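The values are calculated or read from the model by the stated rules, or taken from the named source; none is laboratory data. Here the structure is a predicted model, which is why all the values come from computation and not from measurement. Here Cβ is always computed from backbone atoms with ideal geometry, including for glycine, and neighbour counts include all displayed protein chains. When the accessible area is computed, the model is the full protein with side chains, heavy atoms only, and any ligands, DNA or RNA have been set aside. Shrake-Rupley method; radii C 1.70, N 1.55, O 1.52, S 1.80 Å.
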Amino acid sequence: MSRRLSLWLVALVILSCFAVPYALIGHVAAWYGSFLFWCLAGLAIIVLNITATAGFTEEGE
Amino acid sequence: MTLSLVLWGIAIYVVLSMAVAWASRSGAPGSMSGYFLGNRKMGGIVLALSYSATTYSAFMMVGLAGLTYRGGVGALGFEIVYFAGVTLVAIFGPRFWRVGRMHGVVTPFEMLGLRYGSKWFAVLAGLTSLVFLIPYSAVQLSGVGYLLSGMTQGQISFGTGILIATVLAILFSWIAGIRSVMWTDSLQALVMIVASVAVCGLVVAELGGFFSLFDRIVQASPAHLQVPGPGLFSFATFLGMSLPWFFFAISNPQVSQRLFMPASLAAMRRMLIIFLCFGLVYTIVSVIWGFSAFVLFPGLERPDLATATLLSSSYVPPVLGVIVMIGIMAAAISTIDSILLTLSSIFARDVYGNLTGDHDDARQLRIGKWVIPVISALAMGFAAMEFSMIAILSVASSVGLVVIVPATIGAFFWRRGTAAGAIASIAGGGAFVTVMYLTGNALMGLNAGGLGFPGACVIFVAVSLVTRPRPGQVLEGFVDDRRTSVAGRVRPA
């Protein structure tokens with residue numbers, strides 16, 4: 001996945017962190033509601049950062 | 001919890017930390033870059049642990065747990081938005097790193113002053129960070145004072161607590177500059193994560209497991225699993241809290257200065273990824289901690305007591321309680337010593353250096369070293385006053401520092417940004433945020449957190465458009481016409 005696409009997807013995840021709980025699943029009173037969503041969003045951020053920084057090299061050592 | 005157990009815990013922590021700090025010395029760091037940036041040769045794992053310990057202060061274990069206790073699952077969302085904001089390291093990290101090496105800059109404000117061709121920008125930004133970060137450090141010191149006096153029923157006084165924290169923070173900063181801070185931070189980060197995960201696992205097991213915990217939350221207060229929840233996290237409040245924290249990675253100099261330090265971009269990548277893994281675990285653990293306290297002790301008058309109540313309960317064995325106490329203390333000290341070091345470099349380089357015209361590296365280093373105890377004394381003085389404005393200022397600190405962000409973004413992405421625009425955005429934005437906090441913090445249904453950043457952006461753009469860039473501004477490495485890769489190599493056409 002390209003760096004540009006990864007960063008755009010990060011932006012999408014961030015927007016969804018506001019929109020999904022507040023507009024779609026906020027009423028779900030269970031662990032699989034907003035709690036799970038935000039945990040998965042956190043995981044997605046890690047994966048997308050891994051792909052976004054894949055081009056970071058050992059340059060400078 | 002007995003006094004002797006607490007004293008033994010503190011003694012072991014001090015001995016271990018001092019040994020690590022002492023061992024981190026490797027030759028005399030005779031330059032500003034050596035003392036404050038580790039000669040730009042820091043490895044990824046130590047950077048990651050230190051970045052974690054610096055970012056996550058005592059307020060994560062106490063504050064986020066308390067926020068969850070009071071406001072429910074929205075606290076997790078707020079912290080995840082901050083967490084996502086660390087992606088700014090992937091965008092700005094290589095740029096800071098490259099410019100730092102190209103121009104030999106030591107502080108983020110020196111870098112921006114160079115870009116805009118204005119020493120006054122560096123002076124103003126430096127003073128702004130001093131104003132907002134000294135009270136923030138004071139609150140960390142107070143946290144240690146309250147923690148130690150609370151857990152020993154006053155046998156260790158509040159004053160003794162803040163004195164212990166101040167002395168340790170000075171020593172960790174002084175012994176070998178950033179190297180001793182990095183290595184003691186790493187030790188402290190490990191204590192923090194191990195202790196918090198252990199308590200979380202233990203308490204959740206006592207409650208019958210993960211699903212049982214959530215069943216009990218649903219029975220007690222389903223709103224705690226909903227958004228906006230029991231009332232704290234309206235959308236406006238959520239936005240106002242999360243927006244300034246989103247920019248933490250580039251607004252707070254004690255973390256943005258870290259972007260100059262990696263030995264390579266690969267080391268920066270390791271720092272980022274390991275930090276994110278650490279942060280996600282720490283965040284979820286702190287939230288579950290808050291939920292557990294809510295289920296076990298639903299009637300607490302003050303949510304911030306959730307952690308202390310949980311630790312002193314029969315659910316946590318005393319030895320583990322002491323380890324967590326040390327973990328919280330370590331979290332506070334590791335945040336303070338990093339802030340101390342960064343602020344002293346900012347004072348020496350950006351304030352003293354620019355105001356006096358003295359650019360001698362060795363003299364600036366000497367001044368930076370001597371400023372460390374002075375800044376510590378100021379923070380300790382604030383903490384000892386137990387002044388209510390400190391709490392307000394500490395909350396305002398992340399909001400106050402966000403006014404630096406438009407000029408930071410503009411430095412790399414907007415050639416037309418001018419020194420006048422950058423200075424006006426900090427001065428105007430800072431004044432706006434301060435007035436908001438002093439007058440009830442509400443305007444058009446939004447608070448300073450929601451308005452501070454857009455306000456500073458508008459000022460930056462508007463003033464930049466009506467003024468001219470300074471002849472002395474430096475664009476090389478910042479805004480290039482060439483299409484460059486993140487690592488600074490020119491892409492083939």
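Going by what's in this entry, would residue B:274 be described as within 14 Å of another protein chain (Cβ to nearest Cβ) and within 30 Å of residue B:106 (Cα to Cα)? The answer is yes for residue B:274.
Determine whether residue B:128 is more than 14 Å from chain A (Cβ to nearest Cβ), hydroxyl-bearing (Ser, Thr, Tyr) and either open to solvent by less than 20 Å² (accessible area, probe 1.4 Å) or over 18 Å from residue B:293 (Cα atoms) (or both).
On the way: more than 14 Å from chain A (Cβ to nearest Cβ): yes; hydroxyl-bearing (Ser, Thr, Tyr): yes; either open to solvent by less than 20 Å² (accessible area, probe 1.4 Å) or over 18 Å from residue B:293 (Cα atoms) (or both): yes.
Answer is yes for this residue.
Please pick out the residue among B:46, B:62, B:15 that is surrounded by fewer than 24 Cβ atoms within 10 Å (Cβ to Cβ) and either farther than 28 Å from residue A:7 by Cα or more than 19 Å from the chain's Cα centre (by Cα) (or both). Every option except B:15 fails the conditions. Per the listing A:40, A:48, A:9, the residue uniquely loosely packed, with under 14 Cβ neighbours inside 10 Å, part of a helix (DSSP H, G or I) and more than 7 Å from chain B (Cβ to nearest Cβ) is A:40. Take the conditions of a type outside the set (Gly, Ala, Ser), within 26 Å of the chain's Cα centre (by Cα) and either surrounded by fewer than 18 Cβ atoms within 10 Å (Cβ to Cβ) or farther than 27 Å from residue B:237 by Cβ (or both) and apply them to residue B:451. Does it pass? Taking the combined requirement at face value, the residue does not satisfy it.
Tell me, yes or no, whether region B:214-234 has at least one residue that is among the hydroxyl-bearing types (Ser, Thr, Tyr), within 22 Å of residue A:42 (Cα to Cα) and open to solvent by less than 10 Å² (accessible area, probe 1.4 Å). Within region B:214-234 (the criterion being among the hydroxyl-bearing types (Ser, Thr, Tyr), within 22 Å of residue A:42 (Cα to Cα) and open to solvent by less than 10 Å² (accessible area, probe 1.4 Å)), the answer is no, since none of the residues qualifies.
Among the residues of region B:308-323, those identified as in a loop (DSSP other than H, G, I, E, B) and open to solvent by less than 40 Å² (accessible area, probe 1.4 Å) are B:313, B:316.
For (1) touching a Lys or Arg at 6+ places or on another chain (Cβ under 7 Å); (2) modelled with pLDDT of 90 or more; (3) buried (at least 24 other Cβ atoms within 10 Å of the Cβ); (4) within 14 Å of chain A (Cβ to nearest Cβ), each residue gets a yes or a no:
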{"position": "B:261", "(1), (2), (3), (4)": "yes, yes, yes, yes"}
{"position": "B:268", "(1), (2), (3), (4)": "no, yes, yes, yes"}
{"position": "B:306", "(1), (2), (3), (4)": "no, no, yes, no"}
{"position": "B:333", "(1), (2), (3), (4)": "no, no, yes, no"}
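So that you can scan it fast, the table gives a plain yes or no per residue for (1) open to solvent by less than 10 Å² (accessible area, probe 1.4 Å); (2) closer than 16 Å to residue B:67 by Cα; (3) outside any helix (DSSP H, G or I):
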| residue | (1), (2), (3) |
| --- | --- |
| B:271 | yes, no, no |
| B:276 | yes, no, no |
| B:279 | yes, no, no |
| B:282 | yes, yes, no |
| B:294 | no, yes, no |
